[in-house]
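**Q** Below are the structure tokens for one structure; questions will follow.
The values are calculated or read from the model by the stated rules, or taken from the named source; none is laboratory data. Predicted, not measured: the structure shown is a model, and the values here were computed from it. Heads up, the Cβs are rebuilt from the backbone with ideal geometry, glycines too, and the neighbour counts pull from every protein chain shown. Please note that ligands, DNA and RNA were not included when accessible areas were found on the heavy atoms of the full protein model with its side chains. Shrake-Rupley method; radii C 1.70, N 1.55, O 1.52, S 1.80 Å.
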Amino acid sequence: MPVPKGSSLDPGRTRAAILRSAEGMLYEHGLDGVGIAELCAEAGISKETLYRHFGSKDGLIRSVLEARSDRVTRWLAQAATDAGTEPAAQLAAVFDALGVWFREPGFRGCAIVNAATQHHAAPASTVAANHLGRYLDLFTTIADRAGAARPAVLGRQLLLLLEGATVVADHLEGPGAANDARDAALALLSSAARRPADS
């Protein structure tokens, strides 16, 4: 990105600006729908600058996906925290937050899972596995606090609802998928909380 004459370079700010620019392009066009030259042109940088910060296109992709994963998982965890201490309220808040996301202009599903579907190899597949693991940790924690007999199992079921709702919202029904998934998630949570540990 051009720097006004007399200004000092800020590598951290440059890197953040490249990530923002690349994230939008990769989300809209897919990993294979945009090349290095286009990414550089959009960010207003040279190829040398991109390579200096990220090493390669794969390095840029990894950084973009990791940054997005950090942001999204923090956002959903904060939604749960803001809902109070009741596990059912926290779970509902996660799916309500998803509904807000599903209504955003330009929504195209989960950028991280989309990337892993396009390139079923590292770095996209590695970042996607870690991303889904973070969702699973959030849901398993909620399930455990709710007194579920098998919180890890319930956590996986809730993860399936989240991912399924995201796909349906992208390809079929839109924001209503979050409400349907929330209702199913709350029913699962209620049932699991009542189930004896030996059942």
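**Q** Among the residues of the stretch 156-189, write down those that are of a type outside the set (Asp, Glu), over 17 Å from residue 79 (Cα atoms), at pLDDT 95 or above and surrounded by fewer than 21 Cβ atoms within 10 Å (Cβ to Cβ).
**A** Listed by number, the residues that qualify are 156, 157, 160, 164, 167, 168, 184, 187, 188.
**Q** Working only within the stretch 43-73, note down all residues that are closer than 19 Å to residue 10 by Cα and of a type in the set (D, E, K, R).
**A** Listed by number, the residues that qualify are 47, 48, 52.
**Q** Could you tell me which residue of the stretch 74-110 is farthest from the chain's Cα centre (by Cα), considering only residues that are within 14 Å of residue 141 (Cα to Cα) and of a type in the set (Val, Ile, Thr)?
**A** Among them, the one singled out is 85.
**Q** Also, quick follow-up: What is the one condition in (1) at pLDDT below 95; (2) surrounded by 12 or more Cβ atoms within 10 Å (Cβ to Cβ) that residue 98 does not satisfy?
**A** Result: residue 98 fails condition (1) only.
**Q** Among the hydroxyl-bearing types (Ser, Thr, Tyr), under 16 Å from residue 26 (Cβ atoms) and open to solvent by 30 Å² or more (accessible area, probe 1.4 Å): which single residue out of 85, 81, 117, 140 fits that description? Lay out the reasoning, then the answer.
**A** Details: 85 fails: under 16 Å from residue 26 (Cβ atoms); 81 fails: under 16 Å from residue 26 (Cβ atoms); 140 fails: under 16 Å from residue 26 (Cβ atoms).
Only one candidate qualifies: 117.
**Q** Could you pull out the residue among 149, 129 that is open to solvent by less than 70 Å² (accessible area, probe 1.4 Å) and free of Cβ contacts under 8 Å to residues at least 24 places away in the same chain?
**A** None of the others qualify; the one that does is 129.
**Q** Answer yes or no as to whether residue 9 is of a type outside the set (Phe, Trp, Tyr) and at pLDDT below 90. Can you show your working first?
**A** Details: of a type outside the set (Phe, Trp, Tyr): yes; at pLDDT below 90: yes.
Against the criterion (of a type outside the set (Phe, Trp, Tyr) and at pLDDT below 90), residue 9 qualifies.
**Q** Looking at (1) open to solvent by 50 Å² or more (accessible area, probe 1.4 Å); (2) farther than 22 Å from residue 129 by Cα; (3) assigned to a loop (DSSP other than H, G, I, E, B), which is the one condition that is false for residue 32?
**A** Only one criterion is unmet by residue 32, namely (2).
**Q** Exactly one condition in (1) more than 30 Å from residue 193 (Cβ to Cβ); (2) in contact (Cβ under 8 Å) with a residue 12 or more places away in the chain; (3) part of a helix (DSSP H, G or I) is false for residue 70; which is it?
**A** For residue 70, the exception is condition (2).
**Q** If I filter the stretch 152-161 for residues that are at negative phi and touching a Ser or Thr at 6+ places or on another chain (Cβ under 7 Å), do I get at least one hit? Step through it out loud before you land on a result.
**A** The initial filter retains those residues of the stretch 152-161 that are at negative phi, namely 152-161.
Still in the list and also touching a Ser or Thr at 6+ places or on another chain (Cβ under 7 Å): 152, 155.
Yes: one or more hits.
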